[in-house]
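Inspection log for the structure reproduced underneath, given as structure tokens.
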Amino acid sequence: MDQFGYGSYQSVGLSSQTASASPVQLVLVLLDGLADELARVRAHIEARRYEAKGQGICKCIDLITALSSSLDFELGGEPVADLGRLYEYMILRINEAGIAMDAAMVEEVSATVETLRQAWRSLEARGP
């Protein structure tokens, strides 16, 4: 399958995932996508693929921005404000990793994303 076909296939899969998803499931879709993209960015850094690294970092920032834009700072209080600051820090570290070509910085963000994924999965398991 060519790259365009694969992209179309992924797009259809994502559309079907999000069409009937709960808010928690939507956050998990974004976090899963972020984890996957961070792994690609790390590989691009290690292989010195500068352009692909830059594109991947932009995708990561877009995903984190989507997560951040879903936060309700008025309703959520301090925990939501803390999460917003964490998202800002993640963007900062990803940018720094890209500039320094440092895969360890990407791994730091990946570990944070994994912690968030586990927390959101536990919320999903509790149900509505």
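Tabulated data
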read-out	value
Unique residue being surrounded by 13 or more Cβ atoms within 10 Å (Cβ to Cβ) and either under 14 Å from the mean Cα position of the chain (by Cα) or modelled with pLDDT under 95 (or both) when the list is Leu63, Leu75, Leu14	Leu63
Boolean, Ser22 is touching a Pro at 6+ places or on another chain (Cβ under 9 Å) and at pLDDT below 95	yes
Checking Ile61 against (1) farther than 22 Å from Ala43 by Cα; (2) assigned to a helix (DSSP H, G or I), the condition it does not meet	(1)
Residue match in region 35-56 (condition: surrounded by fewer than 15 Cβ atoms within 10 Å (Cβ to Cβ) and at pLDDT below 95)	no
Residue list for region 23-65, filter: among the β-branched types (Val, Ile, Thr) and farther than 26 Å from Gly127 by Cβ	Val41, Ile45, Ile57, Ile61, Ile64, Thr65
Top-ranked residue in region 33-48 [being in contact with a helix residue (DSSP H, G or I) (Cβ under 8 Å, 6 or more places away or on another chain) and without any contact (Cβ under 8 Å) to a residue 24 or more places away in the chain; ranked as farthest from Ala100 (Cα to Cα)]	Arg40
Glu107 touching a residue at least 24 places away in the same chain (Cβ under 8 Å), of a type in the set (D, E, K, R) and under 18 Å from Val29 (Cα atoms)	no
Residue in region 84-99 that is in a helix (DSSP H, G or I), within 19 Å of Val29 (Cα to Cα) and touching a Phe, Trp or Tyr at 6+ places or on another chain (Cβ under 7 Å) present	yes
Close pairs (7 angstrom Cβ cut-off, 6 or more residues apart or separate chains): on the phi > 0 side of the Ramachandran plot and free of Cβ contacts under 8 Å to residues at least 24 places away in the same chain in region 112-128, surrounded by 13 or more Cβ atoms within 10 Å (Cβ to Cβ) and not in a helix (DSSP H, G or I) anywhere	none
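A quick yes/no check of all residues on (1) farther than 14 Å from Asp36 by Cα; (2) not acidic (Asp, Glu):
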site	(1), (2)
Gly56	no, yes
Lys59	no, yes
Leu67	yes, yes
Glu74	yes, no
Met90	yes, yes
Glu96	yes, no
Val113	no, yes
Trp120	yes, yes
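The values are calculated or read from the model by the stated rules, or taken from the named source; none is laboratory data. Since we're looking at a predicted model, the values are computed, not measured. Virtual Cβ from ideal backbone geometry, glycine too; neighbours counted across all protein chains shown.
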